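The values are calculated or read from the model by the stated rules, or taken from the named source; none is laboratory data. Keep in mind it's a predicted model, so treat the numbers as computed, not measured. Positions of Cβ are generated from backbone atoms using ideal geometry, with glycine treated the same way; all protein chains shown enter the neighbour counts. Note: areas computed on protein heavy atoms with side chains; ligands, DNA, RNA excluded. Shrake-Rupley method; radii C 1.70, N 1.55, O 1.52, S 1.80 Å.
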Amino acid sequence: MRPEQQGVEVAVLVSVGRHPITGRARRADQDARGLELALGLERQLPGSRVSLLHAGPRGEESEAALRGYLGMGLESLTLLEQAEGSDAIPALAEHLAAAPPQLVITGARAERGEGSGLLPYALAERLGWPLVNGLAAVEKVENGVATLLQALPRGQRRRLKVRLPAIVSVDGAAPVARQSAFGPARRAELEATSVPAEPDRELAEWRLAPARKRPKRLKIVKAASARDRFKAAAAKAEGGSGQVLEGVSAEQGAEAILKLLKEEGVLR
Amino acid sequence: MLETLLPILIFAALGLAVIGAWRRVRLWRQGRPSAVPLLKGLAAMPRRYLVDLHHVVGRDKVMSNTHVATAGGFVAAAVLMILVHGLGLAQGVLGWLLLAASATMFVGSLFVARRRRNPPARLSKGPWMRLPKSLMAFSLSVFAITLPAVGLLPADFGHWLLALLLAAVVVWGLGEMVFGMTWGGPMKHAFAGALHLAFHRRAERFGEGNRSTGLKALDLDDEAAPLGVEKPADFTWNQLLGFDACVQCGRCEAVCPAFAAGQPLNPKKLIQDMVVGLAGGSDANYAGSPYPGKPVGEHHGTPHGPIVAREGKALVDAETLWSCTTCRACVEECPMMIEHVDAIVDMRRHLTLERGQTPNKGAEVLDNLIATDNPGGFDPGARLHWAADLNLPLMADVKQAEVLLWLGDGAFDMRNQRTLRALVKVLRAAEVEFAVLGNEERDSGDVARRLGDEATFQSLAKRNIATLAQYRFQRIVTCDPHSFHVLGNEYGELGGQYEVRHHSTFIAELFEAGRLAFAPWKGGNVTYHDPCYLGRYNGEYEAPRNVLKALGIEVKEMERSGFRSRCCGGGGGAPITDIPGERRIPDMRMNDVKETGAELVAVGCPQCTAMLEGVVDATAEVRDIAELVADALVARPAAGATHRPQAEEVI
């Protein structure tokens, strides 16, 4: 281990997940991957410290789900207790700004609630920190600069240097989370602190409906040989008929989108 | 000279033995407390030894008689020797009895020596190779020193050199048989074994026809109680005592499917490693077959050190524990009544519950069980899709039925769905009033428990018990022996008492009652594979054979059948943890089938079906008993058919 490599303070933001089939609360897959990344970092850089942070209401179901993260080998989780339907971003931003960690890791998208995937961006904006999405690995941390590996589509990787503190979000490209063990999960502590509830007014105005399956463009492969089929499967998505609109007004943009949706048969 | 020397030697040996015994007892007492009735256990010990233990030993007649002669001769000779030579009560019949006892023991030791000439691979060598000589030394020297005592030889017979030589042999014999008994020699098995029988953790398994095979529940409400076994001292004291009783006969090794497949498990070595752990040290002195692929001498442990190291090596490697299929063949064969499977699951519990180290697909399966109540992660609402056209009565609708048909997780498996459909056809043909739980059913928890996840098991079990409590039924019938075992033998501790029948038992009963009629069998040769969880776990060997007989099938038995049946490799989560070996267990089992020349192997378990059907280039077809019965169904003779009037006929 080189001397300039030193431990980092990592905060992992975790949410209460939702099983895709049964809808039961669980540790969210991407957040758990984020924690796995952090635990790997702890191993790689001795002296690193990993803390867990969750903002949300406390209930039996959510507590069981949060303990799923603790079962991966942590002793405590900081719970910013809020009423149902509160906006988590101000609470998280305030908590992180009060004692800033060097690295904040979060999943790209929550499994319940809005699930818009905007939290990392909103948080980065508020804190004024850089954000890297789709993280695959943290290669090293030297003199306050982290070398990160970002996952791009089709297995490509991009190496980035980011000055800390920074926020990174992980998706399916990050390492798979380790098993959560019952004993450590049961023993670990939830350190709950009440934070002023800031009701999410926008959310309250929304009308929520169950998601429908997104229409998927059928891929017509006209291939005569196995080689062609392989090429078609491995090829990059081609823009082909797409067009880039620049310097158009919002109405023109909307019209273009509407036209495309009608062409594709999404809207009738 | 000998007259003065003998009492000194005898009482010195006895004194040292008492000290050794005290030290040994202290080693066992490192374990956790376990409440067993001490006096009642001691009182029951002779019967457990003479009946239960010898029932197992008696499977090998020569060895059984050898042991009776040697051990019986030794016990009698030792007691009489103390009286005759220790206390000088040589008068009368005692001396003659001592001569007879030592002679019997000598004859026995000759047979022991004969077995040790070309010992089978399963026997441990090392100090065990000197045991027949020690037995002879003891019996011969006791015989010789008793000759003058009964007056067959003059008291001053022979030279003093001869007396000295004899004294040396006496010392050898006493050293091995009395001193060695409590100081860790081969004779330790007699001392520890006797106490192990007395204080056995499963007292209920003793007695004719009794068995006790359900795993014991962990107390999850007590947060201070350890979750499984991390270090040897986490076992209960009588488990440690049980390990110490091992006589290293290797019968377990000979029947272990994982050992035969070249996976890194040998039940005998595992028990010996636990002995190493309880005393502290390395396994370098172990003189039997090693774990396949793992040289002896690299592992070491202490009573309070971890059994499985987090990094590097400790007493046992994790893959050894995960190789076990929990088929119980070792427990069935063990003449010392040692509970290998309990110990393995105890150690697995620690690995899963404390460390989160269930290998391979283990973590995924457990996550699925938690999130979807089935190991495959299928939609729990799809549990009855296979029966969409069968119009099965649901318990939620009918509230009560004579029979609750437990489907098991095989309901998600297309192969097992054929079995289930066949079973439903049979039940309908016999006009059984039955209902299913449908989507209310969950996994029984068998796999979770055997993967060490007691928490998930208890969660599933408690919810299943709550569901079952809402309905009235006389018995549960299932085609899955694993569910059968768990519902019948393991839910009781959590508050669910049910009468459970395997479908083969139930079909046999239906046939007996004349509710089924079969067309004669026209197929070829058939053999039957006993599922471990039906046979060894629940003692049901007859009913499946009776059903096959009723079908007109003459079963061509495999060499290993009945209580010696070889596992298919599908139990204990073994297909999930998938520890590599040199061969596959189901391949070996299909070879057993091939040797009988059978074209069809009848099974009674979805796991066995899956494992045996997975064998490439198999010579036999795999069919569940329910399928064979369903295929052979014919309308019952008129007398039976008319006994239930149709509702429409009532005017």
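Considering only A:168, A:136, A:106, and ranking their Cα positions along the charge dipole of the stretch A:9-205 that arises from unit charges at the beta-carbon of Lys, Arg, Asp and Glu, the one farthest toward the positive end is A:136. Sorting B:602-612, B:331-341, B:415-425, B:379-389 by their mean Cβ neighbour count within 10 Å, with the most densely packed peptide first, gives B:602-612, B:331-341, B:415-425, B:379-389.
Accessible surface for the stretch A:9-205, divided over its residues, is 47 Å² per residue with a 1.4 Å probe. Counting every alpha-carbon pair across the stretch A:1-82, the share separated by more than 20 Å comes to 35%.
Where both bridge residues fall in chain A, DSSP classifies roughly 40% of the beta bridges as antiparallel.
Taking every residue in A:175-182 and counting other chain Cβ atoms within 10 Å of its Cβ, the average works out to 6. Given in Å, the Rg to one decimal and the Dmax to the nearest whole number for the Cα atoms of the stretch B:2-190 are 17.8, 57.
Think of the protein assembly as shown as having a plus end and a minus end, set by charges on the Cβ of Lys, Arg, Asp and Glu; of A:19, B:390, B:304, B:304 sits farthest toward the positive end of this dipole. Computed from Cα atoms, the angle from the helix A:250-264 axis to the main principal axis of chain A rounds to 70 degrees.
Relative to the current alpha-carbon distance between residue A:230 and residue A:255, full extension at 0.36 nm per residue lengthens the span by 5.3 nm.
Normalising the average separation of contacting C-alpha pairs (under 8 angstrom, six or more residues apart) by the number of residues puts the relative contact order of chain B at 12 percent.
Within a straight-line Cα-Cα reach of under 26 Å, residue B:399 can be paired with the following lysines, leaving aside sequence neighbours fewer than 8 residues apart in one chain: B:425, B:462. Taking every DSSP bridge with both residues inside the protein assembly as shown, close to 30 percent are antiparallel. With the Cα gyration tensor of the stretch B:366-632 giving a ≥ b ≥ c as the square roots of its eigenvalues, does the rule (a/c under 1.5 for rounded; else a/b larger than b/c for prolate; else oblate) give rounded, prolate or oblate? Since a/c reaches 1.5 but b/c is at least a/b, the shape of the stretch B:366-632 is classed as oblate.
Among the GluC sites (Glu not before Pro) in the stretch B:176-223, those located in a DSSP loop and surrounded by at most 16 other Cβ atoms within 10 Å of their own Cβ are B:208, B:223. Residue ranges A:261-267, B:572-578 sort as B:572-578, A:261-267 when ordered by packing (mean number of other C-beta atoms within 10 Å per residue, highest first). Under the convention that each Lys and Arg Cβ holds +1 and each Asp and Glu Cβ holds -1, the size of the dipole of chain A around its Cα centre is about 1780 debye. Taking the longest Cα principal axis of chain B as reference, the axis of helix B:188-198 is set at about 50 degrees. Magnitude of the charge dipole for the stretch B:229-294, about its Cα centre and with charges confined to Cβ atoms of Lys, Arg (+1) and Asp, Glu (-1), is about 180 debye. Label point of residue A:126 set 7 angstrom out along Cα-Cβ; within the stretch A:4-39, amide nitrogens under 20 Å from it belong to A:10-17, A:31. Using the rule -39500 (n - 2.57) for each DSSP H run of four or more residues, divided by the residues of chain A, the 222 nm mean residue ellipticity is -9000 deg cm²/dmol.
For chain B, B:246, B:249, B:256, B:324, B:334, B:479 have no disulfide-compatible partner, since no other Cys C-beta lies under 4.7 Å from theirs. Packing here is the average count of other Cβ atoms within 10 Å per residue, and on that basis the peptides B:452-460, B:312-320, highest first, run B:452-460, B:312-320.
Mean partner shielding of peptide B:364-373, defined as the number of other chain Cβ atoms within 10 Å of each residue Cβ, is 4. The spacing between the stretch A:159-224 and the stretch B:75-137, judged by their C-alpha centroids, is 74 Å.
Here the calculated FRET efficiency for residue B:25 and residue B:313, from their Cβ-Cβ distance with R0 = 45 Å, stands at 0.90, rounded to the nearest 0.05. With all protein chains kept in place, the per residue accessible area of chain B amounts to 41 square angstrom at a probe of 1.4 angstrom. In the stretch B:366-632, what percent of the accessible surface is made up of carbon and sulfur (1.4 Å probe, ligands and nucleic acids excluded)? Carbon and sulfur: 47 percent of the exposed surface of the stretch B:366-632.
Counting only DSSP beta bridges with both residues in chain B, the antiparallel share comes to about 10 percent. Using the Cβ-Cβ distance between residue B:34 and residue B:467 with R0 set to 45 Å, the FRET efficiency from 1/(1 + (r/R0)^6) comes to roughly 0.85.
Share of carbon and sulfur in the accessible area of the stretch A:61-167 stands at 48%, probe radius 1.4 Å. Against chain B, whose longest principal axis comes from its Cα atoms, helix B:2-28 is set at around 30 degrees.
Counting only DSSP H runs of at least 4 residues, each contributing -39500 (n - 2.57), and dividing by the residue count of chain B, the helix-based mean residue ellipticity at 222 nm comes to -13500 deg cm²/dmol.
Peptide A:55-64 has a mean of 0 when you count, residue by residue, the C-beta atoms of other protein chains within 10 Å of its C-beta. What residues in the stretch B:375-402 lose 10 Å² or more of accessible surface when the other protein chains are added to their chain alone (1.4 Å probe)? At a threshold of 10 Å² (probe 1.4 Å), the residues of the stretch B:375-402 that become less exposed are B:377, B:379, B:380.
Per atom type, the stretch B:219-365 shows carbon and sulfur on 51% of its accessible surface, probed at 1.4 Å. Take the accessible area of chain B alone and of chain A alone, subtract that of the pair, and you get about 1400 Å² summed over both chains, using a 1.4 Å probe.
Charged side chains reduced to their Cβ positions (Lys and Arg at +1, Asp and Glu at -1) give the stretch B:1-152 a dipole of some 940 debye around its Cα centre. Using the Cα atoms as the points, what is the convex hull volume per residue of chain B in Å³? With only Cα atoms used, chain B gives 178 Å³ per residue. Farthest toward the positive end of the dipole of chain A, out of A:44, A:258, A:72, is the Cα of A:258, where the dipole comes from beta carbon charges about the Cα centre.
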